[in-house]
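Below is one structure, written out as structure tokens; comments come after it.
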Amino acid sequence: MKLYSGPLSLFTAKVRIALREKGVEAEIIDVPFGRQGYQPKHPEVEARNPKAQVPVLVDGDVELWDSTVILEYLEDLHPEPALYPRDPAEKATCRQLEHYADEVLFASIFPLVQEVFYKTDPAARDAVRVAESTATLRECYAELDARLAGREWFCGDYGVADITIFLCCMFGATLGVPVEDTTPHLATWIERMNGRPAVAAEAAEMMRFAATLPPQPAAAA
Ligand SMILES: N[C@@H](CCC(=O)N[C@@H](CS)C(=O)NCC(=O)O)C(=O)O
């Protein structure tokens with residue numbers, strides 16, 4: 001099994017954590033990535049994904065793109081330990097929360113990626129855009145906090161919803177919007193997530209890679 005992987009790709013990290021949790025060996029092939037973004041595109045990713053994005057999983061004749069599709073394939077192939085609830089309603093809720101994290105939570109983080117990660121010089125950032133995204137992200141944290149009240153994990157046992165939401169919160173924190181004590185259920189859940197070896201190992205690896213990146217190149221005069 002081969003995984004075309006972005007070292008700092010949140011969507012690939014979902015798959016890497018699932019592989020670790022399930023103890024599945026895969027050859028991880030890092031695509032080019034830096035402060036210039038995903039350029040040049042890896043030729044195998046361009047050839048196998050019409051959207052030319054990571055992650056892409058190749059397992060013999062099976063070629064898959066999109067983290068959600070890949071996670072479901074891994075679950076069918078290696079049902080234990082389960083990362084989705086078995087109960088249909090809980091499973092649908094888990095998928096819904098994953099979709100929420102991918103499409104809503106991440107949408108409030110992406111402007112921060114553009115303003116904070118890609119523009120290492122704070123003077124170059126659009127302060128209004130940063131403030132608006134920060135406020136939207138904090139609203140999302142408050143909604144997630146309310147949902148977690150009285151629960152250990154987001155739906156049933158630990159699983160895909162937790163992994164996906166955690167990665168968004170981790171990105172939020174590294175981009176200047178950490179989960180704070182004002183959302184205590186979410187803060188406690190983050191600690192619980194950090195206590196999982198697969199999650200901690202993935203987070204440490206991403207931080208190590210991020211530390212190797214030079215600041216953005218100076219603009220040409
Ligand atoms: N819905 C897709 C999103 C994948 C995605 O956005 N991948 C990013 C990296 S996190 C990418 O490859 N970006 C490069 C590009 O869009 O050109 C998934 O869940 O896999």
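What follows is calculated from the coordinates using simple rules that are stated; it is not laboratory data. Bear in mind the structure is a predicted one, so any value in this text is a computation, not a measurement. For neighbour counting, all protein chains shown are included, and Cβ atoms are generated from backbone atoms with ideal geometry for every residue, glycine included.
In the stretch 4-27, is there at least one residue being over 23 Å from V160 (Cβ atoms), within 12 Å of the ligand (Cβ to nearest atom) and within 17 Å of the chain's Cα centre (by Cα)? No, the stretch 4-27 contains no residue that is over 23 Å from V160 (Cβ atoms), within 12 Å of the ligand (Cβ to nearest atom) and within 17 Å of the chain's Cα centre (by Cα). Residue-level check: of (1) assigned to a helix (DSSP H, G or I); (2) free of Cβ contacts under 8 Å to residues at least 24 places away in the same chain, K41 misses just (1). Applying the condition of being surrounded by fewer than 16 Cβ atoms within 10 Å (Cβ to Cβ) and within 12 Å of the ligand (Cβ to nearest atom) to the stretch 31-40 and asking which residue is farthest from the chain's Cα centre (by Cα) yields P40. If only one of A82, A131 is more than 16 Å from C169 (Cβ to Cβ) and part of a loop (DSSP other than H, G, I, E, B), which one is it? Testing whether each residue is more than 16 Å from C169 (Cβ to Cβ) and part of a loop (DSSP other than H, G, I, E, B) leaves just A82. One residue stands out among those in the stretch 48-73 that are more than 9 Å from the ligand (Cβ to nearest atom) and assigned to a strand (DSSP E or B): the one that is farthest from F33 (Cα to Cα), which is V62. Within the stretch 73-110, the set of residues being surrounded by 12 or more Cβ atoms within 10 Å (Cβ to Cβ) and of a type in the set (G, A, S) comprises A82, A92, A101, A107, S108. Mind listing just one residue for me: the one in the stretch 44-65 that is touching a residue at least 24 places away in the same chain (Cβ under 8 Å) and among the charged types (D, E, K, R) and, of those, nearest to A211 (Cα to Cα)? Among residues in the stretch 44-65 that are touching a residue at least 24 places away in the same chain (Cβ under 8 Å) and among the charged types (D, E, K, R), the one nearest to A211 (Cα to Cα) is E44. Among the residues of the stretch 165-187, those that are closer than 14 Å to A146 by Cβ and over 15 Å from the mean Cα position of the chain (by Cα) comprise V179, T182, T183, P184, H185, L186, A187.
Residues being of a type in the set (G, A, S) and surrounded by 18 or more Cβ atoms within 10 Å (Cβ to Cβ) are entirely absent from the stretch 113-123.
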